[in-house]
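First comes the structure, then the notes that go with it.
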Amino acid sequence: MAEQKALLVTGPGDRIVLGTRHIPTPGPKEVLVKVAIAGLNPHDQLVRDLGYFIGNNVPAPIGIDIVGTVHAVGKDVDNFKVGDLVFGNGDPFDGDYMATQEYALMDIDFLGHVPSSITQDEAATLPLNALTMYIALFDASTHGIPSPLTPAGKSFDYKNTPLVILGGGSNCGKFTIQLAKWAGFGTIVAIAGKTKADYLVELGATHIIDRTLTDDQIESEVRKIVGDDLLHVCTAVLAKDQTLGARLLSNSKKGILVPVTKGAVDESKLGDKKAGYEVRGFLCRPHAEDKRELATVFWKSFPDLIEKGILRPTPYEVVKGLDANKINEILDAYGQSKGPTRPNIHVSGA
């Protein structure tokens with residue numbers, strides 16, 4: 001069996017190493033992609049250090065965002081051919097679909113041609129974070145707001161549905177803002193740093209609240225904007241404490257907080273939530289049966305949303321080659337909340 005180079009996790013808590021693994025063969029509705037760019041995100045530090053997703057299925061590559069060229073196609077693949085430049089979502093539960101290797105499998109339901117309006121590096125910043133926040137807003141298990149891509153979205157009152165985004169300046173936060181603007185939300189409140197305010201307004205935020213304010217001050221500012229009608233809050237950053245997001249929800253109506261990671265809520269700081277509230281965690285895994293339909297619908301429109309400028313790429317930094325030492329440094333920094341601008345690994349070193 002042919003082998004390839006790969007950056008691998010060999011066990012929870014172990015350092016990333018450069019090794020080899022088999023080159024997989026595409027099955028029905030799959031393509032084999034020669035990986036040009038492997039995108040990393042903060043959760044990859046948790047994959048290395050705690051074994052998130054991969055568990056004992058090691059050694060395993062990391063990274064979910066993939067850009068490359070189609071090297072081989074499986075059966076029942078009509079819309080992709082060898083040589084096509086593509087981008088897509090890998091699968092964190094299966095090493096054959098992960099990014100930090102020379103060749104990876106891709107499910108054609110979560111794959112698109114790289115739009116001509118963006119570069120390969122820009123394309124690598126899009127799949128995971130954009131789909132994550134699409135699921136956060138529009139899946140039945142999260143906020144349950146109907147997607148504009150579905151029949152129910154045609155009649156939903158987005159204009160009178162306020163949304164607050166904690167971590168509005170993060171990459172996930174930026175995509176939440178853009179998706180909310182695209183859907184037509186009338187009130188999009190981003191809690192973020194002052195230096196990002198103008199850009200976030202450009203993306204679609206209607207209000208910016210300085211994240212350096214105290215929790216009491218932030219809650220006061222939010223209620224000045226939305227009154228007691230806030231039913232939807234997204235936490236778009238990794239956070240162990242979800243208390244502030246819950247505090248912001250309506251006191252008289254049942255609201256929903258959707259964080260990208262689990263965190264505790266200090267009930268003693270919430271005040272009187274007469275109708276209660278829900279915290280709905282989720283995992284962005286389009287390959288899962290309960291997410292496949294929603295994700296497939298999104299991917300059919302995703303390249304066009306990018307081409308039209310509705311969804312914009314985020315900043316990135318290039319890392320040349322499968323450099324285990326450099327990747328370990330990046331993941332260490334993520335673990336200390338000091339991660340760099342989004343790292344794009346150029347797998348060939350170019």
Next item on the list: Taking the Cβ of V77 as the centre, find all other residues whose Cβ is under 15 Å away and add up their charges (Lys, Arg: +1; Asp, Glu: -1).
Entry: -3
Check: Just from its helices, what would the mean residue ellipticity at 222 nm be for the chain, if runs of 4 or more DSSP H residues each count -39500 (n - 2.57) and the sum is divided by every residue, rounded to the nearest 500 deg cm²/dmol?
Finding: -8000 deg cm²/dmol
Check: What are the aspartates and glutamates whose alpha-carbon lies under 13 Å from the alpha-carbon of K196, with same-chain residues fewer than 8 places away excluded?
Finding: D210
Check: How high is the relative contact order of the stretch 130-279, in percent, counting Cα pairs under 8 Å that sit 6 or more residues apart?
Finding: 19
Margin query: Given N residues in the stretch 196-285, what is its alpha carbon radius of gyration divided by 2.2 N^0.38 Å?
Written below: 1.09
Next item on the list: Give a residue-ordered list of calculated ³J(HN,Hα) values for the stretch 93-106 (Karplus: 6.51 cos²θ - 1.76 cosθ + 1.60, θ = phi - 60°; whole Hz; x for Gly, Pro).
Entry: 9, 9, x, 5, 9, 9, 8, 7, 8, 6, 9, 9, 7, 9
Checklist line | Cα-derived Rg to Rh of the stretch 130-279, Kirkwood definition | finding: 0.93
Next item on the list: Considering only lysines 8 or more places apart in sequence, or on different chains, count the pairs in the stretch 220-341 whose C-alpha atoms sit under 14 Å apart.
Entry: 5
Next item on the list: Enumerate by residue number the GluC sites (Glu not before Pro) in the stretch 254-295 meeting two conditions: DSSP loop (anything except H, G, I, E, B), and at most 15 other Cβ atoms within 10 Å of the site's Cβ.
Entry: none
Notebook entry, point to check: For the chain, what value does the Rg/Rh ratio take when both radii are computed over Cα atoms and Rh is the Kirkwood radius, given to two decimals?
Noted result: 0.97
Margin query: Run through the stretch 99-195 and list the trypsin sites (Lys or Arg not before Pro) located in a DSSP loop whose Cβ has at most 12 other Cβ atoms within 10 Å.
Written below: K159
Notebook entry, point to check: So for the stretch 130-279, taking the charge dipole from beta-carbon charges (+1 Lys/Arg, -1 Asp/Glu), which of I256, L166, F138 sits furthest toward the positive end?
Noted result: F138
Check: Rounded to the nearest 20 Debye, what is the dipole magnitude of the chain about its Cα centre when Lys and Arg each give +1 and Asp and Glu each give -1 at the C-beta?
Finding: 480
Margin query: Among V297, L311, P92, which residue has its Cα furthest toward the positive end of the charge dipole of the chain, with +1 on Lys/Arg Cβ and -1 on Asp/Glu Cβ?
Written below: L311
Note to self: I need the trypsin sites (Lys or Arg not before Pro) found in the stretch 257-298, filtered to DSSP loop residues with at most 16 other beta carbons within 10 Å of theirs.
What the structure shows: K262, K274, R280
Note to self: Quick check: the distance between the Cα centres of the stretch 1-30 and the stretch 305-350, to the nearest angstrom?
What the structure shows: 19
Check: Taking every DSSP beta bridge that has both residues in the chain, what percent is antiparallel when rounded to the nearest 5?
Finding: 60
Checklist line | Contact order normalised by residue count of the chain, Cα under 8 Å, 6+ apart, percent | finding: 17
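Quick note: the coordinates plus some simple rules give every number you see, no bench work behind them. A quick note: this is a predicted structure, and the numbers were derived from the prediction, not measured. We place every Cβ from the backbone using ideal geometry, glycine too, and count neighbours over all the protein chains shown.
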